[in-house]
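The values are calculated or read from the model by the stated rules, or taken from the named source; none is laboratory data. It should be emphasised that the depicted structure is a prediction, and the values quoted were computed from it without experimental measurement. Cβ placement follows ideal geometry from the backbone for every residue including glycine, while neighbour counts extend to all protein chains displayed.
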2 protein chains.
Amino acid sequence: MPDAAQIRAAVDAYTELFSAGDRAAWLRLWASDATMEDPVGTPVKVGHEAIGRFYDESHGLADSIRLVRTGPVRIAAGEAAFPMQARPTIGAGELMVDIIDVMRFVDDETSPHGVVIAEMRAFWDPAETRPAD
Amino acid sequence: MPDAAQIRAAVDAYTELFSAGDRAAWLRLWASDATMEDPVGTPVKVGHEAIGRFYDESHGLADSIRLVRTGPVRIAAGEAAFPMQARPTIGAGELMVDIIDVMRFVDDETSPHGVVIAEMRAFWDPAETRPAD
């Protein structure tokens with residue numbers, strides 16, 4: 001069972017590496033056969049190639065994009081849920097949208113944090129995107 | 001598909017009725033065959049009788065207990081996730097613990113909000129309970 005400290009470190013790396021644009025390090029946070037449903041209700045992406053395309057599309061939509069955690073990570077039985085905002089910058093303006101990511105982790109001694117994401121579901125509505133505060 | 005306005009109203013009723021101690025009205029927010037996993041990793045409770053016992057146990061542990069939402073409800077494809085705190089009062093002291101509830105809703109024209117909870121999973125760690133701010 002992935003422990004809470006490992007999961008917290010992996011979640012911090014998840015938002016930091018995505019925001020920093022470090023695609024390769026961010027992809028290493030995922031199991032090779034991981035599933036991603038982002039947003040919930042859209043087709044599930046499977047594996048690094050599909051998840052890497054999602055990363056490219058998210059970054060391609062904006063000049064830059066930050067993920068900012070907005071509250072504590074809740075951990076239970078190897079799963080985690082946390083609130084955050086995606087904040088894309090397009091031209092002179094920053095936008096934001098509220099998201100909750102839910103992730104299931106599995107042990108992986110070869111990964112930087114000892115755990116990797118096996119399954120991820122992201123709860124958000126693109127229609128709620130608005131100018132940042 | 002349950003719509004977002006119905007889900008938002010049901011989530012507001014969920015925290016308000018639980019906090020107010022209105023057991024019967026709170027239970028009507030759930031489908032008769034609803035499942036509850038609270039916290040994630042514990043045995044799944046099924047149906048009003050088992051979910052009612054959970055309500056009784058939660059309220060029985062404290063003199064009173066409030067659920068306070070701490071951020072926006074994220075809605076996608078008939079599901080919702082939202083951050084909150086449970087705040088039990090025991091004697092002169094209030095405690096708090098951070099939770100994220102994830103709920104799947106289904107349409108139910110006979111219910112007060114037109115939708116009921118079919119499935120709920122609560123992400124939190126009892127060990128994180130601490131004195132309230």
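Restricting the search to the stretch B:111-133, which residues are closer than 16 Å to B:Tyr14 by Cα and within 11 Å of another protein chain (Cβ to nearest Cβ)?
Of everything in the stretch B:111-133, those that are closer than 16 Å to B:Tyr14 by Cα and within 11 Å of another protein chain (Cβ to nearest Cβ) turn out to be B:Arg121, B:Ala122.
Which of (1) touching a residue at least 24 places away in the same chain (Cβ under 8 Å); (2) crowded, with 18+ Cβ neighbours inside 10 Å does B:Pro83 not meet, given it meets every other one?
The one condition B:Pro83 does not meet is (1).
Check the stretch B:110-133 and report whether any residue there is more than 25 Å from B:Ile7 (Cα to Cα) and of a type in the set (Val, Ile, Thr).
Checking the stretch B:110-133: at least one residue is more than 25 Å from B:Ile7 (Cα to Cα) and of a type in the set (Val, Ile, Thr).
Name the residues in the stretch B:111-133 that are of a type outside the set (Val, Ile, Thr) and part of a loop (DSSP other than H, G, I, E, B), would you?
B:Ser111, B:Pro112, B:His113, B:Gly114, B:Trp124, B:Asp125, B:Ala132, B:Asp133
Could you say which residue among B:Arg69, B:Arg104 is closer than 15 Å to B:Ala122 by Cα, modelled with pLDDT of 95 or more and touching an Asp or Glu at 6+ places or on another chain (Cβ under 6 Å)?
Being closer than 15 Å to B:Ala122 by Cα, modelled with pLDDT of 95 or more and touching an Asp or Glu at 6+ places or on another chain (Cβ under 6 Å) holds for just one of B:Arg69, B:Arg104, which is B:Arg104.
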